[in-house]
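The values are calculated or read from the model by the stated rules, or taken from the named source; none is laboratory data. Everything quoted here is computed from the prediction, not taken from an experiment. Glycine also receives a Cβ, built like all others from the backbone with ideal geometry; neighbour counts cover every protein chain displayed.
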Number of protein chains: 2
Amino acid sequence: MTPDAAKQWDTSTRSRQARLARARQAVGARLRDKQVQPEDIGALLSAVIEPGDRVCLEGNNQKQADFLAAALAALDPAQVHDLHMVQSVLALPEHLDIFERGIAARLDFSFSGPQAQRLAKLVDARRIQIGAIHTYLELFSRYFVDLTPRVSLVCAQAADAQGNLYTGPNTEDTPAIVEATAFRRGIVIAQVNEIVDTVPRVDIPADWVDFVVQSPRPHFIEPLFTRDPALISEIQVLMAMMAIKGIYAEYGVQRLNHGIGFDTAAIELLLPTYAASLGLKGKICRHWALNPHPALIPAIEAGFVESVHSFGSELGMESYVAARSDVFFTGADGSMRSNRAFCQAAGHYACDLFIGSTLQIDLQGNSSTATRGRIAGFGGASNMGADARGRRHASPAWLRAGQEAQAGGAGAMPRGRKLVVQMVETFREHMAPAFVETLDAWGLAEDMGMELPPVMIYGDDVTHILTEEGIANLLLCRTAEEREQAIRGVAGYTPVGLARDRRMVENLRDRGVIRRPADLGIDPRLATRDLLAARTVKDLVRASGGRYQPPRRFRNW
Amino acid sequence: MTPDAAKQWDTSTRSRQARLARARQAVGARLRDKQVQPEDIGALLSAVIEPGDRVCLEGNNQKQADFLAAALAALDPAQVHDLHMVQSVLALPEHLDIFERGIAARLDFSFSGPQAQRLAKLVDARRIQIGAIHTYLELFSRYFVDLTPRVSLVCAQAADAQGNLYTGPNTEDTPAIVEATAFRRGIVIAQVNEIVDTVPRVDIPADWVDFVVQSPRPHFIEPLFTRDPALISEIQVLMAMMAIKGIYAEYGVQRLNHGIGFDTAAIELLLPTYAASLGLKGKICRHWALNPHPALIPAIEAGFVESVHSFGSELGMESYVAARSDVFFTGADGSMRSNRAFCQAAGHYACDLFIGSTLQIDLQGNSSTATRGRIAGFGGASNMGADARGRRHASPAWLRAGQEAQAGGAGAMPRGRKLVVQMVETFREHMAPAFVETLDAWGLAEDMGMELPPVMIYGDDVTHILTEEGIANLLLCRTAEEREQAIRGVAGYTPVGLARDRRMVENLRDRGVIRRPADLGIDPRLATRDLLAARTVKDLVRASGGRYQPPRRFRNW
């Protein structure tokens, strides 16, 4: 083997140098250190982005590089086109305008909640080619393998003139994006709310950043994890009681993640009341991988919670988090350091339980929030809701779940198991049943030409399904038929539930595969809102000692 | 709920302040910025470490904080004792001296290769209590949940006076350790080879570091991934041919990780010769999660490889990596940026195949390198060798493996599958059979009081077993009995192999479950060392254009 003398091995470095030279030509006269004038942003993007580039436009679960998104969407598609966007969340209209205007053509992403319908339409009209829908950590992983961004447009709270970035509490995806881009000779441009002499702390070193621009307005940020306790129903209280007594206490769950929603908010609000009355303080829910949910405040104040590491932050929780530094990960400046990549890894490998909701569950236990005409993605749920088969450390919860799973197979190698709980009411809004014979995901896959139906959590990763009718423990099912009947057995008055084999379901109940509230010693009449440690947002503020400052839309006072 | 007025919420901040105050008292007079004098290191450690602390002493796969390890081991156990060590690798004698001397009592780790025997003895003598053995990413994950270090002793190439760290190519675990510690108000102390005015690039921001100390000698670093091609046998060449033709080409494997060893080095060295002759260039092995293996040089030079992201680096590869920046992740200073956390995530979520070796495989396909009297751990293999059940993006290799796995279950939800290949010769050194009825791991678990036998990769995560006898495709096995016979069928003349049911094995061969070299169109007579793209270390140097500079122990010229 002799090296091919003609082959160039630094094309990416040359490309980077050429882009930076064009940038200096376009905006250099007004460049101060790395600081670009806001009115020059279009010229900068045109100078550094080439047609066909892989571009990450930081769209997070919460904070949004909205100024850069608008600037990208305003470029001339004759000059900048066929971009391949690789970003975790599509949240802003501009994220799709880019495709509609012909600037971008291909997309790899994780979540598109608010834009799911428009995304499906654009796919249908062949204006967007979707590479794949990922769980967050999977997308970040591909940044280091086959989807490394050539240009990344990211978002921070502040920068100094050298380009050191301060993200404040919403670090989110930024470290993963910037590391992958900067160390493969890509270009990193950050929009910041302010340029300061010295940043309060360095979240991203200046070395890794090429340009910073002060956006005319502070970046958009969504308070995604706030749930008003006033909207929690008594059915949700009942389900939360079952989760606490029938699963958390039963397995001794110490380390966990909660999906977003009122169901899990109810659990959080029952910890200092119902769970405390069962003597569970210090025995369950000590360590969390979780955004700083306002609904967790009463449990923190009651001393239930030892630690919380977060994917991102939550608007209004800044002062409270800073005042509870024993619990949260915070920096020398007092504000939180979140990190979606590490928190997803923690959710996968260091938590014993994930509990979340879904829109549909089929007879095998597969669940999905995908419905026809909407391409939403699943964010982190697929990662947290998967058995971590690489895990090797034991905990009582993990060992017990593993024992239950293997009770059938004698002589098999013993192995632990993650608890993955789907918590749904049997009927959703508008009386749509949560249990179905066939997931809408099949139809969506057909419509959109996907290789596989978009399943959020596969049935064989789910361990428990919890409804107002009871808990189905799928670990204890010996056959596919038992599994189906266990699911029907908690599906209530939905068509799936009504079609159950009553004798088999009663047999499953005798064996403890299905447990009704009565089997758990829970009296549904006691499941009232009085059990909630906070019944309003104002109660949460009070519990926080006035430190939680909810966004205006959650205040009615 | 009203907050408990008496409860303090900043005990960790106060503890940090008290430790820093003690440090200033102990070494402050000679402190320059964050720079501690080497002779003060013992006083500093005594000042900041308290009995019972959770401490991370950076022991990586390669670089070692050896100066800090020696200093920690030399502390007075009357003053510093009962530490809980949380570190990925136990590599140095000092890592165990700490326990022998009574300074530390408890251990959570990932890998202890060179110290495995001594570790087992100390456990047996009840001098060490092992929490658990983890895969790397799992341990890092726990740093953010329930194993956050209170004090971390890390290792870098250089620092400036402010404490900015430059890790050079061996970043490895450092970012994960420092982020978890610094943002939970722990203390971070870094040993560096040199203090400079300006670091070549910032790998860890100064904000996150409390003290730096220049070690009297450069830190120890192990060239762990170098395999001398001269030691590759013709059996290994044959097995490599089978891997390439029977698995890589068959599934179209583009993104992968190779375990360490001569078996995989042989595959790497056959890419530009045998694989190229099959027309596979551009069709397989384009993207890697891999340390910069010297054995990969010929494949890189032949244009097989588009990208390599690395856990750590490899001694001697510095100039070569810098000269091949299109392939590797490098910084503005030209040297590599590795990152074990991100590379493990990439191996888990963005690779279609993991191939590695083991010491023992049982009849269910469970494999382990654990043997009686040695507690070694598995490093990254358990993470890479696990089906990534949270993965949602499709690739041809992943879809095909998923289809094969589900061929039995009609109507089931289709799902992809990771390829996990165990590659072993039927007999190891000293004629020890690689195939066994019962893993030694069972006995080790009993001896050491472990909750579960230490299995490296569980049988139901393994898709193929490859020996000199052929490839057993476990995905195609319909029953546990078929699986057992498929394994016996490639176990050759080991007792496990001799006990096979010949008729069933022939039937499995007819169905393509077992494929012999002849079934793959491979003539074993052509499996000679002539096929290796490099047959000596000198060949590798030549292939690199003189850029690869192997450590002395690999040179015989």
Looking for whichever is under 21 Å from the mean Cα position of the chain (by Cα) and either of a type in the set (S, T, N, Q) or surrounded by 23 or more Cβ atoms within 10 Å (Cβ to Cβ) (or both) here; the options are B:PRO229, B:PRO298, B:PRO292. Which one fits? B:PRO292
Residue among B:ALA176, B:ALA120, B:ALA132 that is closer than 25 Å to B:LEU44 by Cα and assigned by the TED database to the domain that holds B:ASP66: B:ALA176
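Looking only at region A:372-387, filter to residues that are assigned to a helix (DSSP H, G or I) and at the interface with another protein chain (Cβ under 7 Å from one of its Cβ atoms); which one of those is farthest from B:PHE354 (Cα to Cα)?
A:SER382
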Among (1) crowded, with 21+ Cβ neighbours inside 10 Å; (2) modelled with pLDDT of 95 or more; (3) in a loop (DSSP other than H, G, I, E, B) - the single one B:ILE355 does not satisfy: (3)
Would you point out which residue out of A:LEU444, A:LEU452, A:LEU474, A:LEU399 is surrounded by 22 or more Cβ atoms within 10 Å (Cβ to Cβ) and either hydrophobic (A, V, I, L, M, F, W, C) or within 25 Å of A:ARG286 (Cα to Cα) (or both)? A:LEU474
Of the conditions (1) aliphatic (A, V, I, L, M); (2) farther than 24 Å from A:THR174 by Cβ; (3) touching a Pro at 6+ places or on another chain (Cβ under 7 Å), A:ALA26 satisfies every one except a single condition; which number is it? (3)
Hey, A:VAL455 hits all of (1) aliphatic (A, V, I, L, M); (2) away from chain B (no Cβ under 13 Å); (3) touching a residue at least 60 places away in the same chain (Cβ under 8 Å) but one; which does it fall short on? (2)
Flagged in region B:388-440 as part of a helix (DSSP H, G or I) and at the interface with another protein chain (Cβ under 9 Å from one of its Cβ atoms), in numbering order, are B:LEU399, B:GLY402
Which of the numbered conditions does B:THR2 fail, given that it passes all the others? Conditions: (1) modelled with pLDDT under 95; (2) of a type in the set (Ser, Thr, Tyr); (3) under 17 Å from B:VAL209 (Cα atoms). (3)
Here is a list: A:LEU96, A:LEU57. Which entry is within 29 Å of A:GLN344 (Cα to Cα) and either touching a residue at least 60 places away in the same chain (Cβ under 8 Å) or not assigned by the TED database to the domain that holds A:GLU138 (or both)? A:LEU57
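Take the conditions acidic (Asp, Glu), within 14 Å of chain B (Cβ to nearest Cβ), out of contact with any strand residue (DSSP E or B) (no Cβ under 6 Å at 6 or more places or on another chain) and not in a loop (DSSP other than H, G, I, E, B) and apply them to A:ASP460. Does it pass? Write out each step before concluding.
Values: acidic (Asp, Glu): yes; within 14 Å of chain B (Cβ to nearest Cβ): yes; out of contact with any strand residue (DSSP E or B) (no Cβ under 6 Å at 6 or more places or on another chain): yes; not in a loop (DSSP other than H, G, I, E, B): yes.
Yes, satisfied.
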At pLDDT 95 or above and in contact with a strand residue (DSSP E or B) (Cβ under 7 Å, 6 or more places away or on another chain): which single residue out of B:THR171, B:THR181, B:THR135 fits that description? B:THR181
For region B:327-352: of the residues being farther than 18 Å from B:PRO550 by Cα and of a type in the set (Ser, Thr, Tyr), which is surrounded by the most Cβ atoms within 10 Å (Cβ to Cβ)? B:SER338
Checking the structure you have, find out if any residue of region B:508-518 is at pLDDT 95 or above and within 13 Å of another protein chain (Cβ to nearest Cβ). no
Among the residues in region A:346-355, are any closer than 30 Å to A:VAL199 by Cβ, in contact with a strand residue (DSSP E or B) (Cβ under 7 Å, 6 or more places away or on another chain) and free of Cβ contacts under 8 Å to residues at least 12 places away in the same chain? no
Flagged in region B:300-333 as under 20 Å from A:ARG185 (Cα atoms), within 9 Å of chain A (Cβ to nearest Cβ) and of a type in the set (Gly, Ala, Ser), in numbering order, are B:GLY303, B:SER307, B:ALA323, B:SER325, B:GLY331, B:ALA332
Identify the single condition in (1) within 14 Å of chain B (Cβ to nearest Cβ); (2) not in a loop (DSSP other than H, G, I, E, B) that A:PRO149 does not satisfy, given that it satisfies every other one. (2)
Taking region A:380-433 only, how many residues are farther than 27 Å from B:GLY379 by Cα and in contact with a Gly (Cβ under 9 Å, 6 or more places away or on another chain)? 7
If you take the residues in region B:307-326 that are over 21 Å from B:ASP539 (Cα atoms) and touching a strand residue (DSSP E or B) at 6+ places or on another chain (Cβ under 6 Å), which one is surrounded by the most Cβ atoms within 10 Å (Cβ to Cβ)? B:HIS309
Which fully enclosed helices (runs of 4 or more DSSP H) of region A:473-557 have 1 or more residues being over 26 Å from the mean Cα position of the chain (by Cα) and within 30 Å of A:ALA401 (Cα to Cα)? A:480-489, A:495-498, A:502-510
Which of (1) among the hydroxyl-bearing types (Ser, Thr, Tyr); (2) more than 15 Å from A:VAL89 (Cβ to Cβ); (3) not in a helix (DSSP H, G or I) does A:SER141 not meet, given it meets every other one? (3)
Among the numbered criteria (1) facing chain A (nearest Cβ under 7 Å); (2) among the small types (Gly, Ala, Ser); (3) farther than 30 Å from A:ASN383 by Cα, which one does B:ALA350 miss? (3)
Count - residues of region B:273-286 that are crowded, with 24+ Cβ neighbours inside 10 Å and either at negative phi or not in a loop (DSSP other than H, G, I, E, B) (or both): 1
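Quick test for you: out of B:ALA527, B:ALA543, B:ALA533, pick the one residue that is at pLDDT 95 or above and not assigned by the TED database to the domain that holds B:ALA243. Working first, answer last.
Details: B:ALA527 fails: not assigned by the TED database to the domain that holds B:ALA243; B:ALA533 fails: not assigned by the TED database to the domain that holds B:ALA243.
Unique residue meeting the criteria: B:ALA543.
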